[in-house]
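J.: Encoded as structure tokens, here's the structure I'll be asking about.
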Amino acid sequence: MQMKHLKLASFAAFAACTLAACAPSGSFTPGAVWEDNNGVHINAHGGGILYDDGIYYWFGEHKTEGKAGNVANVGVHCYSSSDLYHWKDEGIALSVMPEGSGSDIEKGCILERPKVIKNEKTGKYVMWFHLESKGRGYDGNSKSGVAVSDKVTGPYTFLHTIRPNAGHWPLNVQPCHLSGKIQIPEGYGFSGGNLPMHADTMNILGRDMQGGQMARDMNLFVDDDGKAYHIYSSEENSTLHISRLNDDYTGCSGEYIRAFVGRFMEAPAMFKKDGKYYLMMSGCSGWAPNEARSAVADAIFGDWKELGNPCLGDDVETTFHSQSTYIFPVQGTNKFIYMGDRWTPQNAIDGRYIWLPVEFTNEKFTLQWQNEWQIKGSFALKGH
Ligand code: DGJ
């Protein structure tokens, strides 16, 4: 019955907009509580969007109350929408395993920034996320988790955890890595910036070559040719890796590059417009926001050119109090939307979402704060 009403409402909105050539009903109010179809604040942090068969799906970390809610107590939450303003709760797509189960995704682990892509060849939906074993904080094992499902909303079955690209050197490996010399001072703690020497000569890459590379903040990107990529903060967060997945998207191909060496980039969000690849990233300052970075390349494996902070106006040194998590195209338009998180670590469940329109000038993209905004122009709507 409820579905029937939703369908009628979507059709009515579509018909009204088509007839009157107006913007769809609804708007984005960045930073405000964003209620789902049940009137509950959307719980999908560090999230991403998958567009599948006319519907947008938003996957993100389900947080719980208080400080204790920063770890994974529940799993990955999924919502669906046909217009991007109104979201229907589709439930938990991937559940954490019970305490004491010994599973890699046991309740209390760190499971962050889940992203889902569809493999058109296998028909499977594949989820990747940053995973740290329970009780070990971020010094756990800096791995990636992979889960799959036949149905977009899940349930997803946990497949494995991996340290990417074990046994493979990147395409742009340097002689200092191949030398085998590792120069990391005894007991040295990586603080998120200012390496005492150049990241290349420390050779964190070489240290992890056999066992696989560290992978923390991450994202996925599927190119027009169906090749998928895993983009992750590696080498103690100092350097970003862009790594091609294997054909079924559940593992690594062994083909990857290092980018922004020693620049400590987190929160990578990749998108493609008019044949150019773009990245938005943050620096490393925990849950506290910092100044965003951006970059462009003609090919996914580079060369990547940094373009600086894409934000304009007030509060740009904190990315409008947010950290990037995803940038995606609005179907049927040439518009892109920035998705960021305004983290609230004291009460994790209250984290807010900052969605802003992405503008383009020459080869750069920019973001400007909006109190309230809509997607203007043609817009694909499909009832569900
Ligand atoms: C910044 C990362 O971007 C987040 O995903 C999270 O890992 C926090 N650090 C934890 O401090």
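J.: Consider Tyr232 carefully, then state whether it is in contact with a His (Cβ under 8 Å, 6 or more places away or on another chain), within 21 Å of Gly145 (Cα to Cα), open to solvent by less than 40 Å² (accessible area, probe 1.4 Å) and within 16 Å of the ligand (Cβ to nearest atom).
T.: Values: in contact with a His (Cβ under 8 Å, 6 or more places away or on another chain): yes; within 21 Å of Gly145 (Cα to Cα): yes; open to solvent by less than 40 Å² (accessible area, probe 1.4 Å): yes; within 16 Å of the ligand (Cβ to nearest atom): yes.
Here the answer is yes, as Tyr232 does meet what is asked.
J.: Quick one: would you say Phe301 is in contact with a Cys (Cβ under 9 Å, 6 or more places away or on another chain), in contact (Cβ under 8 Å) with a residue 40 or more places away in the chain and crowded, with 17+ Cβ neighbours inside 10 Å? Break it down stepwise before answering.
T.: On the way: in contact with a Cys (Cβ under 9 Å, 6 or more places away or on another chain): no; in contact (Cβ under 8 Å) with a residue 40 or more places away in the chain: yes; crowded, with 17+ Cβ neighbours inside 10 Å: yes.
For Phe301, the condition - in contact with a Cys (Cβ under 9 Å, 6 or more places away or on another chain), in contact (Cβ under 8 Å) with a residue 40 or more places away in the chain and crowded, with 17+ Cβ neighbours inside 10 Å - is not met.
J.: Could I ask something else about it? Scanning for something within 18 Å of the chain's Cα centre (by Cα), within 16 Å of the ligand (Cβ to nearest atom) and closer than 27 Å to Ile327 by Cβ, does segment 88-111 turn up at least one residue? Show your work before the answer.
T.: Residues of segment 88-111 within 18 Å of the chain's Cα centre (by Cα): 92-94, 110-111.
Within this subset, residues satisfying the condition of being within 16 Å of the ligand (Cβ to nearest atom) are 110-111.
Next, only the ones that are closer than 27 Å to Ile327 by Cβ stay: 110-111.
Looking through segment 88-111, at least one residue is within 18 Å of the chain's Cα centre (by Cα), within 16 Å of the ligand (Cβ to nearest atom) and closer than 27 Å to Ile327 by Cβ.
J.: Now a separate question. Name the residues in segment 132-167 that are in a loop (DSSP other than H, G, I, E, B) and under 19 Å from Leu220 (Cβ atoms), would you? I'd like the intermediate steps shown before the answer.
T.: Step one: filter segment 132-167 for residues in a loop (DSSP other than H, G, I, E, B), giving 133-136, 140-142, 150-156, 163-167.
Answer for segment 132-167, where residues must be in a loop (DSSP other than H, G, I, E, B) and under 19 Å from Leu220 (Cβ atoms): Ser142, Asp150, Lys151, Val152, Thr153, Gly154, Tyr156, Arg163, Pro164, Asn165.
J.: Another one. Give the residue, chosen from Ile162, Ile184, that is modelled with pLDDT under 95 and more than 16 Å from the ligand (Cβ to nearest atom). Spell out the reasoning first.
T.: Working: Ile162 fails: modelled with pLDDT under 95.
Sole residue among the options that is modelled with pLDDT under 95 and more than 16 Å from the ligand (Cβ to nearest atom): Ile184.
J.: Only one of Gly154, Gly187, Gly192 is at positive phi and over 23 Å from the mean Cα position of the chain (by Cα); which?
T.: On the way: Gly154 fails: over 23 Å from the mean Cα position of the chain (by Cα); Gly192 fails: over 23 Å from the mean Cα position of the chain (by Cα).
When all the criteria are applied, what remains is Gly187.
J.: Could you please give the count of residues in segment 118-128 that are in contact (Cβ under 8 Å) with a residue 60 or more places away in the chain and open to solvent by 10 Å² or more (accessible area, probe 1.4 Å)?
T.: Looking only at that region, the number is 6.
This table checks each residue for (1) within 16 Å of the ligand (Cβ to nearest atom); (2) at negative phi; (3) touching a Phe, Trp or Tyr at 6+ places or on another chain (Cβ under 6 Å); (4) not β-branched (Val, Ile, Thr).
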| site | (1), (2), (3), (4) |
| --- | --- |
| Asp298 | no, yes, no, yes |
| Gly313 | no, no, yes, yes |
| Thr333 | no, yes, no, no |
| Asp341 | yes, yes, no, yes |
| Thr344 | yes, yes, no, no |
| Leu356 | no, yes, yes, yes |
| Leu367 | no, yes, yes, yes |
| Asn371 | no, yes, no, yes |
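J.: Condition first: hydrophobic (A, V, I, L, M, F, W, C) and exposed (fewer than 13 other Cβ atoms within 10 Å of the Cβ). Can you find one or more residues in segment 188-206 that meet it? Walk me through it before giving the result.
T.: Step one: of segment 188-206, the residues hydrophobic (A, V, I, L, M, F, W, C) are 190, 195, 197, 199, 202, 204-205.
Still in the list and also exposed (fewer than 13 other Cβ atoms within 10 Å of the Cβ): 197.
Yes, there is a match, as at least one residue in segment 188-206 is hydrophobic (A, V, I, L, M, F, W, C) and exposed (fewer than 13 other Cβ atoms within 10 Å of the Cβ).
J.: Could you please find all residues in segment 43-63 being within 20 Å of Ala147 (Cβ to Cβ), more than 16 Å from the ligand (Cβ to nearest atom) and either part of a loop (DSSP other than H, G, I, E, B) or charged (D, E, K, R) (or both)?
T.: Correct list: Asp52 only.
Residues checked against (1) small (Gly, Ala, Ser); (2) touching a helix residue (DSSP H, G or I) at 6+ places or on another chain (Cβ under 6 Å); (3) at pLDDT 95 or above; (4) open to solvent by 50 Å² or more (accessible area, probe 1.4 Å):
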site	(1), (2), (3), (4)
Ser95	yes, no, yes, yes
Asp104	no, no, yes, yes
Lys107	no, no, yes, yes
Leu111	no, no, yes, no
Pro114	no, no, yes, no
His130	no, no, yes, no
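J.: Under the condition of being aliphatic (A, V, I, L, M) and within 24 Å of Val116 (Cβ to Cβ), which residue from segment 25-50 is most open to solvent (accessible area, probe 1.4 Å)?
T.: Step one: list which residues in segment 25-50 are aliphatic (A, V, I, L, M), which gives 32-33, 40, 42, 44, 49-50.
Within this subset, residues satisfying the condition of being within 24 Å of Val116 (Cβ to Cβ) are 40, 42, 44, 49-50.
Working: Val40: 79, Ile42: 0, Ala44: 1, Ile49: 12, Leu50: 18 Å².
If we take residues in segment 25-50 being aliphatic (A, V, I, L, M) and within 24 Å of Val116 (Cβ to Cβ), then Val40 is most open to solvent (accessible area, probe 1.4 Å).
J.: Filter segment 265-296 down to the residues that are among the acidic types (Asp, Glu) and within 16 Å of the ligand (Cβ to nearest atom), then identify the one that is surrounded by the most Cβ atoms within 10 Å (Cβ to Cβ).
T.: Initial filter on segment 265-296 (among the acidic types (Asp, Glu)): 266, 274, 291.
From what is left, the residues that are within 16 Å of the ligand (Cβ to nearest atom) are 266, 291.
Values: Glu266: 23, Glu291: 14.
Restricting to residues being among the acidic types (Asp, Glu) and within 16 Å of the ligand (Cβ to nearest atom), the top hit is Glu266.
J.: Within the set of pairs 6+ apart or on separate chains, which have a first residue in segment 31-42 that is assigned to a loop (DSSP other than H, G, I, E, B), a second that is acidic (Asp, Glu) and open to solvent by 40 Å² or more (accessible area, probe 1.4 Å), and C-beta atoms under 9 Å apart?
T.: Ala32/Glu372; Val33/Asp350; Asp36/Asp89; Asn37/Asp89; Asn38/Asp89; Val40/Asp89; Ile42/Glu35; Ile42/Asp89
The values are calculated or read from the model by the stated rules, or taken from the named source; none is laboratory data. All values reported here derive from a predicted model rather than from experimental measurement. Positions of Cβ are generated from backbone atoms using ideal geometry, with glycine treated the same way; all protein chains shown enter the neighbour counts. All accessible areas refer to the heavy atoms of the entire protein, side chains included, with ligands and DNA or RNA removed. Shrake-Rupley method; radii C 1.70, N 1.55, O 1.52, S 1.80 Å.
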